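The values are calculated or read from the model by the stated rules, or taken from the named source; none is laboratory data. Remember, it's a predicted structure, so these values are computed and weren't measured experimentally. Glycine also receives a Cβ, built like all others from the backbone with ideal geometry; neighbour counts cover every protein chain displayed.
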Amino acid sequence: MALLLFTDFGASDLYVGQVEAVLDRYAPGVRVINLLNEAPCFNVKASAHLLAALSKQVPRGHVFLTVVDPGVGGTREGLVVRVDGRSYVGPDNGLLSVLWARGTVKSAWRITTWPTEAAISFQGRDVFAPIAAAVVTGEFPNENVKQIPAPGILLPGEDLAEIVYVDHYGNAFTGLRGEALATDRLLRVRRMEIPHARVFSEAPPGQAFWFVNSIGLVEIAMPGVSAARMLGLRVGQPLEWASGIS
Amino acid sequence: MALLLFTDFGASDLYVGQVEAVLDRYAPGVRVINLLNEAPCFNVKASAHLLAALSKQVPRGHVFLTVVDPGVGGTREGLVVRVDGRSYVGPDNGLLSVLWARGTVKSAWRITTWPTEAAISFQGRDVFAPIAAAVVTGEFPNENVKQIPAPGILLPGEDLAEIVYVDHYGNAFTGLRGEALATDRLLRVRRMEIPHARVFSEAPPGQAFWFVNSIGLVEIAMPGVSAARMLGLRVGQPLEWASGIS
Amino acid sequence: MALLLFTDFGASDLYVGQVEAVLDRYAPGVRVINLLNEAPCFNVKASAHLLAALSKQVPRGHVFLTVVDPGVGGTREGLVVRVDGRSYVGPDNGLLSVLWARGTVKSAWRITTWPTEAAISFQGRDVFAPIAAAVVTGEFPNENVKQIPAPGILLPGEDLAEIVYVDHYGNAFTGLRGEALATDRLLRVRRMEIPHARVFSEAPPGQAFWFVNSIGLVEIAMPGVSAARMLGLRVGQPLEWASGIS
């Protein structure tokens, strides 16, 4: 079992290392994998859709420490969920609710006891990391949580017709799942209609195309250049299928 | 025990991996944590204050490999210090001197024997990493060092009334420690006077505020936007308490 | 033995973590080192020269997962090579051919069986990572590969008179190896003639200089500022010795 981080703490910043030091303390010897620390900053909805798709690529049994948390230090609760064999620890702000809505076998716990010395602005380090360590080492559930029927904040589990992530190549991930889509569909975004191509090497140069990417989402790309820059795409940008409802 | 990196080698660059390969060779099986590899570039003073605050968040017993080293290849010496249960290996250029000045139980060693094949421009890999590995594996002190009473270059241990770090959210860390500060103080920077708020969610939108952050430093932030960009703050920017000396 | 990543997947993006999850599954307990995940994007030639120099800094016995792969999803083949005690897994597109050309004791295998469920756009995760794990755990060669005399795509092993990498300090690496170069040579790039200095601290302020860097390549730098920005240097920029052929 490994511990996987999915946060907006920044891949280059000083936050992830502090979390890793806590995980090392409470779960020594367990591998830590930085799945993504540049999740859409403060954007819980986009992050929730990205996490739901991304975590399915990871073998069951692993434990996710997930923090995209604009409300840190406020009144939102903390949460642990177990969905189809994977466990997740993070804020109860909707971040874990898309994968929850799509899951089959699932349990949820509220974090009831918070460490008294926790920094108010870094609960990822002081609250969620110790609990993630407890989950991975099997010391969970414990007296610091109580089971609840479902997360408090629930977003819908349906596809999200928006850009949810832009990678460093400039490819734009949507919140649309690509399974069993007809490939003659046109994807409409910013008044453009974008056709399908199976892969980069089959798209005409300079031509935007959509394809089903390696985490199962519809993605907009252009061969050799940044689709996001060329087409003006950003996280949150709405889109739709030109040929009607999906 | 883990090895923690605190450097300006760049989180995305080709230097950290080479250091990790050396650490793997001389300290196989020891966890390496990238605490921060984007320390203020070439800025020893700001880095020294940031390191002093950050390292207190890490459990005792760990070993830090610390390199912010504008004088690499010149005549500056190499140093190992042990301060209050944590060990640090790096250049003797002031980087380790703020935590030294604030420490209680402490020892220092000069590096007297340098590997003959060391690259002149990458002593972090060829000089400091092997010694950090020796410290973590208990093969220290050894014949390559000699004990000295204190580091050669000493910066004052008092608070630094400057910006010492800007994180990827745009929050600006100061070199002022926040313990036991009255919260009615105003922090003056670039002719603005900034009030205290306990946490982001309690600050008015669009209002800059200061708070005591998760590593114990006074930090300037704005809800939902980059304080550094909005207020024009950079590492090295001086500041002061409006209501007189701290 | 460790697994080392050399890719253009991006150091901050969501690709490396997915690869690490696969490596953890098939080679549990093996250390993964991110040597460089910001290799020149889509630039096989520059990356091949950088990799050839960089990998010599790593002890023998290690296994490299190498992906710079503009043709992913097309018809290019997959490759494993073993050169002078180090193993490399990646696309057969020239990336491994510079180190191959320079090597002495060497073997090559073509990947003949591809996983049927592999994502067409992320063969690094689904094809190359499992094979790299097999190499590091000793389950190689296996029935999924067949030995071949040499890689299919071969670039010349001679020095490359171009910029091949720009680091985060703004220093520009060339594809010229620096061993045994006379230090009175002038390096000509963009109509400038750049003299040698042994190290940063010996170069005059504001003066560009070349030196032999920590991975054995000729590098262009300026004290305290970004040489790449000041001189307008980018990957691919041609250069030459002013005093004739090297």
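Before moving on, here are some points about what is shown:
- Residue satisfying all of: in the stretch B:1-20; more than 8 Å from chain C (Cβ to nearest Cβ) and in contact with a strand residue (DSSP E or B) (Cβ under 6 Å, 6 or more places away or on another chain); surrounded by the fewest Cβ atoms within 10 Å (Cβ to Cβ) among these: B:Ala2
- Test for A:Val16: is it touching a residue at least 24 places away in the same chain (Cβ under 8 Å), more than 24 Å from A:Leu160 (Cα to Cα) and not in a loop (DSSP other than H, G, I, E, B): no
This table checks each residue for (1) under 24 Å from C:Val16 (Cα atoms); (2) under 19 Å from the mean Cα position of the chain (by Cα).
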| position | (1), (2) |
| --- | --- |
| C:Val80 | yes, yes |
| C:Ser97 | yes, yes |
| C:Ala101 | no, yes |
| C:Ala119 | yes, no |
| C:Arg125 | yes, yes |
| C:Ala182 | no, no |
| C:Leu186 | no, no |
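- Number of positions in the stretch B:116-143 that are under 21 Å from B:Gly71 (Cα atoms), buried (at least 18 other Cβ atoms within 10 Å of the Cβ) and of a type outside the set (Val, Ile, Thr): 11
- Listed by first and then second residue, the pairs linking a residue in the stretch A:152-177 that is in contact (Cβ under 8 Å) with a residue 60 or more places away in the chain and within 19 Å of A:Ala242 (Cα to Cα) to a residue that is assigned to a loop (DSSP other than H, G, I, E, B) and among the charged types (D, E, K, R), with Cβ atoms under 7 Å apart and 6 or more places separating them unless they lie on different chains, are A:Ile163/A:Arg234; A:Gly175/A:Asp159; A:Leu176/A:Asp159; A:Arg177/A:Asp159.
- Residue within the stretch C:208-218 that is closer than 30 Å to C:Gly29 by Cα and without any contact (Cβ under 8 Å) to a residue 60 or more places away in the chain present: no
- Answer from A:Tyr169, A:Tyr165 - the residue that is within 11 Å of chain C (Cβ to nearest Cβ), within 20 Å of C:Val72 (Cβ to Cβ) and part of a loop (DSSP other than H, G, I, E, B): A:Tyr169
- Test: residue in the stretch A:45-62 that is surrounded by 24 or more Cβ atoms within 10 Å (Cβ to Cβ), under 21 Å from A:Trp114 (Cβ atoms) and touching a Ser or Thr at 6+ places or on another chain (Cβ under 9 Å): no
- Test: residue in the stretch B:175-190 that is surrounded by 14 or more Cβ atoms within 10 Å (Cβ to Cβ) and under 22 Å from B:Asn93 (Cα atoms): yes
- Checked against (1) surrounded by fewer than 18 Cβ atoms within 10 Å (Cβ to Cβ); (2) closer than 30 Å to C:Ile120 by Cα, A:Ala172 passes all but a single condition, namely (1).
- Within the stretch B:199-217, considering residues that are within 27 Å of B:Leu99 (Cα to Cα) and assigned to a loop (DSSP other than H, G, I, E, B), the one nearest to the other protein chains (Cβ to nearest Cβ): B:Ser214
- Residue count for the stretch C:78-119, restricted to those that are of a type outside the set (Val, Ile, Thr) and at pLDDT below 95: 5
- Against the list (1) surrounded by 21 or more Cβ atoms within 10 Å (Cβ to Cβ); (2) under 22 Å from A:Ala48 (Cβ atoms), the condition A:Glu158 fails is (1).
- Pairs where the first residue, in the stretch C:102-113, is without any contact (Cβ under 8 Å) to a residue 24 or more places away in the chain and the second is not in a helix (DSSP H, G or I), C-beta under 7 Å, 6+ apart: C:Gly103/C:Val83; C:Gly103/C:Asp84; C:Thr104/C:Asp84; C:Val105/C:Asp84
- Pick from the stretch B:172-185, criterion assigned to a loop (DSSP other than H, G, I, E, B) and not basic (Lys, Arg), ranking: nearest to the other protein chains (Cβ to nearest Cβ): B:Gly178
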